[in-house]
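The values are calculated or read from the model by the stated rules, or taken from the named source; none is laboratory data. Note that the structure is a prediction, hence the values are computed from the model and not measured. When we count neighbours, we look across all protein chains shown, and the Cβ atoms used for this are built from the backbone with ideal geometry, even at glycine. These area figures cover heavy atoms from the full protein model, side chains too; ligands, DNA and RNA do not enter into them. Shrake-Rupley method; radii C 1.70, N 1.55, O 1.52, S 1.80 Å.
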Amino acid sequence: MSRFRPQHAFSPSVPYRLLPFRFRRLPWDPDRAFVSSMAGDWLLMGMDDLQQFISHELELDSPLLADLQARHMAISSTDSRSTLSPLLSQIRSRKSYIFGGPALHIFVVSLRCHHTCSYCQVSRQETTAAAFDMAASHAEQAVERLFEWPSRELTIEFQGGEPLLNFGQVVAITKLIFERNRSARRNLRFVLASTLHDLTEAQLAFLAEHRFKLSTSLDGPEWLHNANRPRPGRDSYLRTLKGIELGRRWLGDDGVSALTTLTKRSLEVPEAIIDEYRKLGFHSISLRPLSPYGFANRNVRRTGYSSDDYLAFYRRAFEHLIEVNRAGYSMEESYASLLLSQLFTSFGHGYVDLRSPSGAGLGAVIYDHDGRVYPSDEARMLAAMGDDRFLLGDVSQPVSTWLSSPVMANLLNAGVAEALPTCSDCAYVSLCGADPIEHYARQGDPVGHRPTSDFCKRNMGLFEFLLERYEVADNPTKRLMRSWATPEPSLAKVSDAAA
């Protein structure tokens, strides 16, 4: 990785000025480089051409120079009309998520759950332990805090544990929010993240009336899902399918989405996982690696794997997805869609983990069952493991108290990727995020050591795989990958929470 910092003074004889850019040699072709601007524009170019560009040796009528100027990496020294306004405007567009405040608000209404998943990221409790349900007083105060945030677009997601085990609180909170919104006039979106087990017609009538979407967990075919997500009766898969069918009947096919969490055994069968989603009529799949929290962290030797193993799995899964699409069935991988949108569009997105400044506290807020408030679901998971480092406060406090807390100061100090060691020189930094909480969880420090960071290795590996795959693709595959960059909104892109 390299970053080029042009000098402030330029000779009048120099025909063009260099704007800040970063570059990285392509792993699959070291004679070329991925070159990116401050705003995330990029191109692939030969190392010889790059050297000529840096040395101001490109001819003024060179098509390559025109391309570099269009991508905000150079500016004319002779044209008085040349300004930095287009570059600044594009940076503003890509970082537009900063201005609205958190759009994702997660209410954890219960820690109770039927399952005993080995990769569970939260501190689950027995189904009879009602003490771990959110109290009415905490719920009311959390709704007050919700409307203190400035965002006009609010996604309210109910999580657990299993939120259906405290569905009465889901109803109460939803009604409170609707009542408050009569005057606030925000655009509301409701999501229930659930196993969908024991879902009833009466519950669905309420969910349909209030335009809910359902998000569930489906790890693949029956044998894999039941192994990953055991529950008494060993019928987790069948109950999930029943819930999906019932949910679609009330909310429509697009009213139910699913997420898969990948364990070590999952990496052996990418085709089977994708084929299961196709069989069940899903058109989006999220191939999520394990996170270093909760029971997943305790069972890492049994369920975990390296970033290299994940990337090898992902390449194999991606090729199968291409085959599925070429055979006439439309299906996207949601994380590929996010990364491709970063590569092929200039707009900001709502995905918390790929934000800089960090999305923790600026893109999402979590109201836990006990009234405590966190800047991300990962921060809540760390607290469940006994580490309150990222606890913002509680629902009795105003939002201003949370924002002025030492926790937010620490997150922001480690949350601007462009200012972090190694990240500041990374060619992908304008397309990526900082994610200080994951780095703390994995490496014991919010900044972390980027050269050995799983977050960096995974995202860089995926960016470079997608770039290489796009470059060698035939035209139909190129069109398919570009279509993923501007897809319909997907639940998996708003939140990565497992049900």
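What is the chain's relative contact order, in percent, from Cα pairs under 8 angstrom and six or more apart in sequence? Relative contact order comes out at 18 percent. GLN169: net charge of surrounding residues, Cβ under 11 Å, Lys/Arg +1, Asp/Glu -1, itself excluded? With Lys, Arg at +1 and Asp, Glu at -1, the net is -1. With a 1.4 Å probe rolled over the protein heavy atoms of all chains, the accessible area of GLU319, GLU57, GLU157 falls in the order GLU57, GLU319, GLU157, largest first.
Scanning residues 5 or more positions from PHE21 or on other chains, those with amide H under 5 Å from its amide H are PHE4, with H placed 1.01 Å from N in the peptide plane.
Between THR78 and THR200, the distance separating the two model label sites (each 7 Å from Cα on the Cα→Cβ line) works out to 7.9 nm.
Taking every lysine pair in the chain that is 8 or more places apart or spans two chains, those with Cα atoms closer than 19 Å amount to 6.
Full extension of the chain between VAL14 and ASN410 gives 138.2 nm of extra length, using 0.36 nm per residue less the Cα-Cα distance.
Would you please give the FRET efficiency between THR486 and ASP253, computed as 1/(1 + (r/R0)^6) with r the Cβ-Cβ distance and R0 = 25 Å, to the nearest 0.05? Between THR486 and ASP253 the formula returns 0.75. Of the whole protein surface, TRP250 contributes about 100 Å² of accessible area at a 1.4 Å probe radius. In this label model, LYS95 and HIS210 are separated by 3.7 nm, measuring between points 7 Å along each Cα→Cβ vector. Against the main long axis of the alpha-carbon atoms of the chain, helix 334-344 sits at an angle near 20°.
Largest to smallest in accessible area, the residues MET47, MET381 fall in the order MET47, MET381 (1.4 Å probe, all protein chains included). Legend: calculated FRET efficiency, ALA131 to SER396, from the Cβ-Cβ distance at R0 = 22 Å, rounded to 0.05, equals 0.70. Subtracting the Cα-Cα distance of GLU140 and ARG185 from 0.36 nm times their residue separation leaves 14.4 nm of extension gain.
Using R0 = 35 Å, the C-beta based FRET efficiency linking TRP28 and ARG265 works out to 0.70. Where does helix 270-279 land angle-wise versus the long Cα axis of the chain, in degrees 0 to 90, nearest 10? It works out to around 60 degrees.
Among the listed options [x] 41, 26, 21; [y] 54, 30, 22; [z] 29, 26, 24, the one matching semi-axes √(5λ) of the Cα gyration tensor in Å as calculated from these coordinates is [x]. For the chain, find the longest principal axis of its Cα atoms and tell me its angle to the long axis of helix 454-472, 0 to 90°, nearest 10. Around 60 degrees separate the two axes. Other residues within the sphere of radius under 13 Å centred on the Cβ of GLU144, judged by their own Cβ, net out at -2 (K and R +1, D and E -1). Peptides 208-217, 223-232 ranked from most to least packed by the mean count of surrounding Cβ atoms within 10 Å: 208-217, 223-232. For ASP388, neighbours were defined as the other residues whose beta-carbon sits under 11 Å from its Cβ, and their charges (Lys and Arg +1, Asp and Glu -1) total +2. Potential lengthening of the chain between SER55 and SER306 amounts to 86.2 nm, from the contour at 0.36 nm per residue minus the alpha-carbon distance. Here each label is just a point 7 Å from Cα along the line to Cβ, and for PHE147 and SER330 those points are 3.8 nm apart.
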